[in-house]
1. For the range 1-82, list the strands (runs of 3 or more DSSP E) that sit wholly inside it and hold at least 3 residues that are of a type in the set (Lys, Arg) and open to solvent by 40 Å² or more (accessible area, probe 1.4 Å); which are they?
2. Return the residues of the range 98-112 that are under 18 Å from Lys19 (Cβ atoms) and open to solvent by less than 100 Å² (accessible area, probe 1.4 Å); say none if nothing qualifies.
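The values are calculated or read from the model by the stated rules, or taken from the named source; none is laboratory data. In this text, all values refer to a predicted model and were calculated from it rather than measured experimentally. So basically every Cβ, Gly included, is an ideal-geometry build from the backbone, and we count neighbours across all protein chains shown. All accessible areas refer to the heavy atoms of the entire protein, side chains included, with ligands and DNA or RNA removed. Shrake-Rupley method; radii C 1.70, N 1.55, O 1.52, S 1.80 Å.
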Amino acid sequence: QVRLVESGGGLVQAGGSLKLSCAASGFIGSINVMGWYRQAPGKQRELVATIASDGSTDWSDSVKGRFTISRDNAKNTVYLQMNILKPDDTAVYYCRMTSRYHYWGQGPQVTVYS
């Protein structure tokens, strides 16, 4: 059974930093794409960033230059380093792992106050 466990959310002042982690277990074979999505109150879930097994990345323009995504294949873990956080970054952040199917994490809350 595939399981994704996220950590690192919380409350931070604007301009601060947080790092999210998402560790997967139960996968058979490699994970092609690891990524982060977020959903703010009253809004649709949106892409934050993804990283493929070859290291290629895809980004939301709203976080480029402030966030960094990385992965540790040996640990089946994806990270999201978030710097220079803004109140608009407030959302529930979901990790997603894709092999044959998509698997979602439970979504830690990130709240940025001014």
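1. Passing ranges: none, list empty.
2. Scanning the range 98-112 gives Gly105, Gly107, Pro108, Gln109, Val110, Thr111, Val112.
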